[in-house]
Amino acid sequence: MTEASTPTQGAEAKNTAAKRVGDSRVTLHQLMLPADANALGNVHGGVIVKVADEAAAICAMRHARRPCVTVSIDSVSFHSPVHVGELLALTATLTYVGRTSMEVMVQVHAENPITGQITHTNSAHFVFVALDQNGVATGVPPIELETEAERAAFAEAQARQAARLLRARR
């Protein structure tokens, strides 16, 4: 028996087999150009967040096989700048699936394509909701957790989701 994300899935998701984390993982690479920069020659943080949101959305849509919209982004802290000419490398991984929502963790690295030096610039958690043909939130397939790392990431994501729901009730 596969380990599903929650014991209660949406009606549409009940007849859908659980999907593995790796089946929806996304890796994007994008060269940062002068149009992406601020006056200091660093890439605008908003550009990085936009590309991260796109990577996360693709991951969520791969899992749900439906259109998905961003509901929230957990705090984003930049550990180091990304410079023009560097390659932005993003990995988006599904960490949590609820009835209609999904959390995707995006890790962002900058690579100097000449030297090969790679720097972790930031990570963030994005929450998406899948939509049906009428634009209404709809059920998503459960997630199959195959490794201890996936189970740990799921447990941490459950705690973040509970905190988000608590904040939303205030």
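The values are calculated or read from the model by the stated rules, or taken from the named source; none is laboratory data. Bear in mind that the values here come from a model prediction, so they are computed numbers and not experimental data. Backbone-built Cβ (ideal geometry, glycine too); neighbour counts: all protein chains shown.
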Go through the range 145-161 and give me each residue that's crowded, with 16+ Cβ neighbours inside 10 Å and within 13 Å of Arg25 (Cβ to Cβ). Glu150, Ala153
Which members of the range 18-46 meet the condition of being in a loop (DSSP other than H, G, I, E, B) and either under 20 Å from the mean Cα position of the chain (by Cα) or modelled with pLDDT of 90 or more (or both)? Ala18, Ser24, Arg25, Met32, Leu33, Asn38, Ala39, Leu40, His44
Only one of (1) of a type in the set (A, V, I, L, M, F, W, C); (2) touching a Lys or Arg at 6+ places or on another chain (Cβ under 9 Å); (3) buried (at least 17 other Cβ atoms within 10 Å of the Cβ) is not met by Val106, so which one is it? (2)
On the basis of being under 20 Å from Ser75 (Cβ atoms), charged (D, E, K, R) and under 15 Å from the mean Cα position of the chain (by Cα), does Glu103 make the cut? yes
Checking Ala60, Ala39, Ala52, Ala89 in turn, the sole residue that is among the small types (Gly, Ala, Ser) and in contact with a Leu (Cβ under 7 Å, 6 or more places away or on another chain) turns out to be Ala52
Does Ala155 satisfy the criteria of being farther than 19 Å from Thr70 by Cα and part of a helix (DSSP H, G or I)? yes
Residue that is surrounded by the most Cβ atoms within 10 Å (Cβ to Cβ) [pool: residues in the range 134-144 that are out of contact with any strand residue (DSSP E or B) (no Cβ under 7 Å at 6 or more places or on another chain) and of a type in the set (Gly, Ala, Ser)]: Gly139
